[in-house]
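Notes follow once the structure below has been shown.
The values are calculated or read from the model by the stated rules, or taken from the named source; none is laboratory data. Quick caveat, the model's predicted, so the values are computed rather than measured. Please note: Cβ atoms are built from the backbone with ideal geometry, for glycine as well, and neighbour counts cover all protein chains shown. Quick note on the areas: whole protein, heavy atoms, side chains included, nothing else; ligands and nucleic acids left out. Shrake-Rupley method; radii C 1.70, N 1.55, O 1.52, S 1.80 Å.
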Amino acid sequence: MKNTRFIIASGGTGGHFYPGFALGKLLNKQGMSVLFVVRTGDPAAQVLQTHKLKYKEVDFMGMPRSFNPLAYIKFMYKLVRALGQTRGIIKAFGPDVCIGTGGYISFPLIFMAHFMGIKTAVHDSNTKIGLANRVCGKFADLFMLGLPTTEKIKNALLTSTPIREEFAEKTNRRKILTDLDLDPTQKTVLVFGGSQGAKGLNAAVIRAVKRIVAENKEVHFIHITGERWYQNIKNQYGRTLQVRVLPYSNEIYDLMQISQFVICRAGASTLAELIYCKKPALLVPFPYAAANHQYYNAKVLQSVGCAQMALEGDNLEQEIYQTLTKVLGGQNSGVLRQMAENYSKLNIPDPMTSAEFIAQTLKQL
């Protein structure tokens, strides 16, 4: 089994890259030969280099979303070229199984592997299956699901979505909050957006948080803004003592673990992290996500009561304020506990052991 070889097409957004990354790291650790395929210029290549994981780049692009003849000609040219590049990679590496984790870079690998007689598998983290995976699914021997879906998928298996192993490490809540000059005896609310954008979410949160801290001195907030918005948001908070503003955090796993409540987008990787940590949350789907998939992701958690959902719009500030008032109020101390307990109703495999589950399943192919 040690000679088993895998090619993983992964990249694009974090939701597509990190599940494949976690799986590849595990397979590599188990002594398997793993090769990643990413698109040319994908920032994911830097992560793979840092972790000394082998990869090849393929020059490809997503299908045009509007009818532009020149764009389609360019797409077809890159598709033919990508198929040729991928065929060469497969012949040179000799994989036993090829895996795609969503995004358009999966298609050349899964398509070519299928017609070359190699076992194939795809993984989709979202409850609403993406276009690339719907196409890839027609050629896949196994279709792995990160979240339950109502779509009819052949050879489907619910596996959850792998998350980083750091989420399983113990955290020192007192030290982390003390280092941020925050009171460890108070409730902590973590706020962060997503890689695709959080301008509207940030603006609504700032206004709602200012109202909350004026009324409740026993709660503080950690607001991760993203580099682009950091200084502007920091200025808007001013000298609000109960708020810490961070441009970015490499220790999001620590901050999520020490928080009693989370306000965030509804990307699939984020939901897998919430599921593992069993964190009550207010989910604000990114309104421009492809096929509105974050909305459908959020509904999965909302349906069992472990998270609430608010849509981005004119009423978002008020919804955030009302939710925080409800879950943080002293007379409602059981609300957070009940939301955390409701995660058991999801019946989704443990995200922390998901990579191991997927690895064992792939070996059986």
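Observations on the structure shown:
- Whole-number percent relative contact order across the chain, with pairs defined as alpha carbons under 8 Å at least 6 apart: 16 percent
- Heavy-atom surface analysis with a 1.4 Å probe gives the stretch 1-83 a carbon and sulfur content of 57 percent of its accessible area.
- Ranked by solvent-accessible area (1.4 Å probe, protein heavy atoms only, all chains present), the residues VAL304, VAL80, VAL327 order from largest to smallest as VAL80, VAL304, VAL327.
- Residue of THR120, THR101, THR40 that the Gaussian network model of the chain assigns the largest fluctuation, springs spanning Cα pairs under 10 Å: THR40
- Only protein heavy atoms count here; under a 1.4 Å probe, PHE93 has an accessible surface of about 30 Å².
- Note that the stretch 72-85 has calculated 3J(HN,Hα) couplings of 6, 5, 5, 4, 5, 4, 5, 5, 4, 5, 5, 4, x, 4 Hz, one per residue in order, obtained from phi through the Karplus relation 6.51 cos²θ - 1.76 cosθ + 1.60 (θ = phi - 60°); glycine and proline are x.
- 5 Å binning of all Cα-Cα separations within the stretch 182-329, expressed as whole percents from 0 upward: 2, 10, 21, 25, 24, 14, 5, 1, 0
- Out of every Cα-Cα pair that the stretch 1-65 contains, those further apart than 20 angstrom amount to 24 percent.
- In Hz, Karplus ³J(HN,Hα) per residue of the stretch 301-311 (6.51, -1.76, 1.60; θ = phi - 60°; x = Gly, Pro): 6, 5, 5, 10, x, 8, 8, 10, 10, 9, 8
- Computed over the chain with a Gaussian network model linking Cα atoms closer than 10 Å, the most mobile of GLU341, GLU227, GLU317 is GLU227.
- Counted charge near LYS210, where neighbours are those whose Cβ lies closer than 14 Å (Asp, Glu -1; Lys, Arg +1): +3
- Per residue, the accessible area of the stretch 74-141 comes to 40 Å², computed with a 1.4 Å probe over protein heavy atoms only.
- The chain, helix-only ellipticity at 222 nm - DSSP H runs n ≥ 4, -39,500 (n - 2.57), divided by all residues, nearest 500: -13000 deg cm²/dmol
- The GNM of the chain, with springs linking C-alpha atoms under 10 angstrom apart, assigns the highest mean-square fluctuation among LEU180, LEU142, LEU316 to LEU180.
- Spherically averaged projected area of the stretch 55-147 from its Cα convex hull (nm²): 6.2 nm²
- Rg to Rh quotient for the chain, alpha carbon positions, Kirkwood Rh: 1.00
- In Hz, Karplus ³J(HN,Hα) per residue of the stretch 100-111 (6.51, -1.76, 1.60; θ = phi - 60°; x = Gly, Pro): x, 10, x, x, 5, 5, 5, 4, x, 5, 5, 4
- Note on ARG65 and LEU180: with the Förster distance fixed at 25 Å, the Cβ-Cβ geometry gives a FRET efficiency of about 0.05.
- Rg and Dmax [Cα atoms of the stretch 295-365; Å; Rg one decimal, Dmax integer]: 16.9, 53
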